[in-house]
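Below: the structure, in structure tokens.
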Amino acid sequence: MSQQTYYSLDDAPATAFFRAFSEAASEQVSKGMVSLKERLVASPIAISTGLASEVGEATIRLINLIYSLPDRLFSGDMRAFGKACGFSDDHISAMTVLPSTSCAPFARSDAYLTNDGWKFTEFNIGSSIGGFHLDEALKTIEHHPLVAAHISAQKFTRKDTARLWAAMVISEANKFRSDSGILNIRIVASLDYRLRFAHWNEAMAQSLRKLGANVTVCEIGNLEVRADGVYMNKKRIHYVYRLFGASDICRHPELYSPLINSAKEGNIGIGMPLDSRLFSNKATLALLWDPIYVSSYSESELADIRRYVPKTLLLTEKVLADVLALQSSLVAKPVNGECGKGVIFGEDFTVSEWASHLRDLLASNVPYVLQQRIFASTSSLIGWSSDSGLSADTFGLVFGAFAIDSRYAGLMVRATPFGGKVLSYAADSYTGMVFESDAI
């Protein structure tokens, strides 16, 4: 990545800027907005306004294209689309129990800035999207006087992703109330993750409260479903922002069915759409690349696919012979995997081991894709954590471009110490804000 397109401040940690960042970050930990285990990128990262606009607009075009796949390829049959993406019948039923959506209200691309431009290895679509949860804390750090002074001097700008998200949720929630009183929203956490991601949930609640909503984080058991609506502590709830998904619903139908049925009757809103997960998996990228469907896309759409999406194939017996010969350039990924779990690199094995691994994957019940490996750009940066303070290292970078209501909504970056192959939130990575500049 050249200095013409990228900027970072990598001075010694003793500078006033980094001391101010450390002070502000520690305060966010004490307030519960940043987890004790969280790692932040202290160096201010900026890219050119042109590159930022390109990654945002390309993200939106490709996500909209993915949302058109059920109609284009499966005549509107969501079950057939879900099966093609590797979901079970039970999960498809859980995700399609409410009316389908036609767009992604909230999404993020995983974007690598390479010598050949932006490359998207996946798209995250739904309600709980990594990186966004830190935006409130990062925004507060950004406003520390010494941090703000440097950003202002460089004439950096940054989109307020947290506020854009909150405005979108408020707009959606207002559709489900008929009174003019305070808007009551409940963020309903997954039973499996509420304690682990308490700081995520509270950050979202704070963003919504800033726009005037009454917001509490709770569990499904805290809600009382009545014939006329959903209540909590005798207050009528207008909208549930769900952090639970199809897996929760399938495991505990007795807990979630009353809420789902109330939403079907129009007594409460639920966001983000339950079917988001259908579109947020790597099999959709394989559908974009499948030669069977090439005639379903326009020339401009094919140009976007070839320019921005690494070649991606569903792992099947049909492609096995071809992909064995491409071992060194391929990565195998579970279509619905998260945080780098289950990812294997062809270059890590001998020819016979690679063939054996792929056959084992084919024999399993977990669908996989094979994707052209994309290498992360690297940079020397200053990282921060509550246990280690400030430290310098060389990092591999993957950017995240947010889209809210089909509009570009800002960038974040995930930085993993150089040498790590999987750049994920779970891989000891650091998260940071990304600024834009006309001067780069």
Among (1) farther than 20 Å from SER171 by Cα; (2) small (Gly, Ala, Ser); (3) in contact with an Asp or Glu (Cβ under 8 Å, 6 or more places away or on another chain), where does SER257 come up short? (3)
Test of understanding: among ALA426, ALA376, which residue is more than 21 Å from VAL55 (Cα to Cα) and either at pLDDT 95 or above or out of contact with any Pro (no Cβ under 6 Å at 6 or more places or on another chain) (or both)? ALA426
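Within region 363-376, track down each residue that is in contact (Cβ under 8 Å) with a residue 12 or more places away in the chain and over 15 Å from ALA286 (Cβ atoms).
Of the residues in region 363-376, the ones in contact (Cβ under 8 Å) with a residue 12 or more places away in the chain are 366-376.
Matches in region 363-376: ARG373, ILE374, PHE375, ALA376.
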Can you tell me which residue is surrounded by the fewest Cβ atoms within 10 Å (Cβ to Cβ) among those in region 339-372 that are within 23 Å of GLY130 (Cα to Cα) and modelled with pLDDT under 90? LYS341
Out of all the residues in region 145-173, which are within 26 Å of ILE268 (Cα to Cα) and without any contact (Cβ under 8 Å) to a residue 12 or more places away in the chain? SER171
Taking region 192-218 and keeping only residues that are under 22 Å from the mean Cα position of the chain (by Cα) and surrounded by fewer than 16 Cβ atoms within 10 Å (Cβ to Cβ), one is left with ASP192, TYR193, LEU195, ARG196, ALA198
Name the single residue that is modelled with the lowest pLDDT among those in region 275-307 being of a type in the set (Gly, Ala, Ser), under 21 Å from ALA107 (Cα atoms) and part of a helix (DSSP H, G or I). SER276
A careful count of residues in region 308-323 that are buried (at least 16 other Cβ atoms within 10 Å of the Cβ) and at pLDDT below 90 gives 1
Looking at region 119-143, which of its residues are in a loop (DSSP other than H, G, I, E, B) and either over 17 Å from the mean Cα position of the chain (by Cα) or of a type in the set (Val, Ile, Thr) (or both)? ILE129, HIS143
Can you spot a residue in region 106-118 that is touching a strand residue (DSSP E or B) at 6+ places or on another chain (Cβ under 9 Å), on the phi > 0 side of the Ramachandran plot and in a loop (DSSP other than H, G, I, E, B)? no
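The values are calculated or read from the model by the stated rules, or taken from the named source; none is laboratory data. Predicted model only: the values in this text are computed from it and were never measured. Virtual Cβ from ideal backbone geometry, glycine too; neighbours counted across all protein chains shown.
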